[in-house]
Amino acid sequence: MAAVVALLVGLFGAAMLAPASAAAEGETYVVATDITFAPFEFQDADGKFVGIDIDLINEIAANQNFNITVKPLGFDAALQAVQANQADGVIAGMSITDERKKVFDFSDPYFESGVQMAVLDTNEDIKSYADLKGKRVAVKNGTEGAEFAESIKDKYGFRIVSFADSASMFEEVKTGNSVAIFEDYPVLNYGIQQGNGFKTVTPKEKGSSYGFAVNKGRNAELLEKFNAGLKELKDSGRYDEIIEKYLGEGASDADNSFFGLLESTFPFLMAGLKMTIILTVVSIAIALVLGIVFGLFRVSRSIILRAIGTTYVDIFRGTPLLVQAFFIYFGIPTALGFQMTALTAGIITLSLNAGAYMTEIVRGGIQSVDKGQMEAARSLGIGYLPTMRKVILPQAVRTMIPSYVNQFVITLKDTSILSVIGIAELTQTGRLIIARNYQSFTMWLIIGIIYFIVIMALTKLSDRLEKRMVK
């Protein structure tokens, strides 16, 4: 337990030493973004963050003599990161609206957007908004396309389903569950150029402007630098070059076959798998310690210790892992006024969650040992704790091994949920690749195969350990 406390104190201590924001010239600012919103922000074939937004913020930073650290999150999580002061600003194709102005301070507009509707290029039935009556359309959370669809859905009688990223929205239509999408026109046209199988069927609707944003009342100097740098880029013509680079003509000639994608993305997938394994191993090691401590609490003769163990288990088994991740990463730092890295938050979340299940595994293993074992040891004058350590636990371990490995597998799969706070584990790596090439089916197949191989290897290892324990 002391080791766990020391580790958590170390993690929190490192997080608390991080500055909440940068202010001086030459300092580094943390900028949150989406990274699944091509052509504004995405990861290229070399693993670099690129796009209109990324190029703009990088060149503005160079022009105004400050540095940036890009924090890749989903759109919703990026906004929460700025509100929680986990990031200094956000640039993610974010429309400037009156509602958002109540929460954020915006820069001058850097892009005038608009919305278009698109359907599969094989669809000849949907040609206007009127053809959507009684049907379902897909949108992306928080985008201008989602707002426009919401504004006309009652007039034209269609239903809306929302997704966290553009690739999932496109895939929804490919499955036939929805018939159309509403998307910001540059994102839509970029996807069509990449061969996503869609076509536009309506003219571009007038849209709002995109802006760089900071938390209300904070980082005013960063906002001023952004505006000054943006003006200089426009005056020099560099701004137009960046826009043309991503919105000009030209389709992708990449090999999108199964083996072509596997070859081109393998290094990134292995990096994602490495992060997944690190998260799993560290978290399950801490969870084992927590499980033993609280498992002993659960079978203790003290009603207070039993109550503590029960409360811990009920809290972390009774709330979704996603809620726990958001609370630990966004809620606690906001309430206590410090920063925490995504990796720190991810390890703490997985450890506490898996620890609750490990507690029940330990409790079940201890209770599976015949009560006569305890009574016999106590009758010989052996104390309660020595009996637990030398008699009960060694026997309980045999029954716990299969469940422990099973929890290891569950925790490995649960790491995918941490993609919502920007940790580039295997699932998040796949999402970043799909945001670039829109090859959802093939990429998820490859990722599924990788998970299957790793989990099957762990399962076989569990079987061998169980057989050796029986011998």
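For region 128-143, taking the residues that are surrounded by 15 or more Cβ atoms within 10 Å (Cβ to Cβ) and outside any strand (DSSP E or B), the one that is nearest to the chain's Cα centre (by Cα) is identified as GLY142. The set of residues from region 301-354 being assigned to a helix (DSSP H, G or I), open to solvent by 70 Å² or more (accessible area, probe 1.4 Å) and of a type outside the set (A, V, I, L, M) comprises ARG306, THR311, ASP314, ARG317, PHE327, THR334. Screening the candidates PHE316, PHE268 for the property of being in contact (Cβ under 8 Å) with a residue 12 or more places away in the chain, in contact with a strand residue (DSSP E or B) (Cβ under 9 Å, 6 or more places away or on another chain) and not acidic (Asp, Glu) yields one hit, PHE268.
Results for (1) open to solvent by 60 Å² or more (accessible area, probe 1.4 Å); (2) modelled with pLDDT of 90 or more; (3) among the acidic types (Asp, Glu), shown as yes or no for each residue.
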{"position": "LEU247", "(1), (2), (3)": "no, no, no"}
{"position": "ASP253", "(1), (2), (3)": "yes, no, yes"}
{"position": "ASN256", "(1), (2), (3)": "no, no, no"}
{"position": "PHE266", "(1), (2), (3)": "yes, no, no"}
{"position": "MET270", "(1), (2), (3)": "yes, yes, no"}
{"position": "ILE277", "(1), (2), (3)": "yes, yes, no"}
{"position": "VAL281", "(1), (2), (3)": "yes, yes, no"}
{"position": "ILE286", "(1), (2), (3)": "no, yes, no"}
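Of everything listed in (1) surrounded by 17 or more Cβ atoms within 10 Å (Cβ to Cβ); (2) in a helix (DSSP H, G or I), the single unmet condition for GLN116 is (2).
When the criteria are applied in full, SER162 meets the requirement of being open to solvent by 50 Å² or more (accessible area, probe 1.4 Å) and hydroxyl-bearing (Ser, Thr, Tyr). Listed by first and then second residue, the pairs linking a residue in region 389-402 that is under 16 Å from LYS371 (Cβ atoms) to a residue that is of a type in the set (Ser, Thr, Tyr), with Cβ atoms under 9 Å apart and 6 or more places separating them unless they lie on different chains, are GLN395/SER368; ALA396/SER368; THR399/SER368.
For region 168-193, residues that are outside any helix (DSSP H, G or I), touching a residue at least 12 places away in the same chain (Cβ under 8 Å) and either open to solvent by 30 Å² or more (accessible area, probe 1.4 Å) or of a type in the set (Phe, Trp, Tyr) (or both) total 3. In region 360-471, counting only helices (runs of 4 or more DSSP H) that sit wholly within it, the ones holding 2 or more residues that are β-branched (Val, Ile, Thr) and surrounded by fewer than 18 Cβ atoms within 10 Å (Cβ to Cβ) span 393-414, 440-470.
Answer yes or no as to whether LYS234 is in a strand (DSSP E or B), out of contact with any Cys (no Cβ under 6 Å at 6 or more places or on another chain), closer than 20 Å to PHE40 by Cα and basic (Lys, Arg). In short, no. Of the residues ASP108, ASP125, the single one that is part of a loop (DSSP other than H, G, I, E, B), open to solvent by 20 Å² or more (accessible area, probe 1.4 Å) and under 30 Å from ARG238 (Cβ atoms) is ASP108.
The values are calculated or read from the model by the stated rules, or taken from the named source; none is laboratory data. Fair warning: this is a prediction, and the values are worked out from it, not measured in the lab. Here Cβ is always computed from backbone atoms with ideal geometry, including for glycine, and neighbour counts include all displayed protein chains. Surface areas here come from the heavy atoms of the whole protein model, side chains and all, with no ligands, DNA or RNA. Shrake-Rupley method; radii C 1.70, N 1.55, O 1.52, S 1.80 Å.
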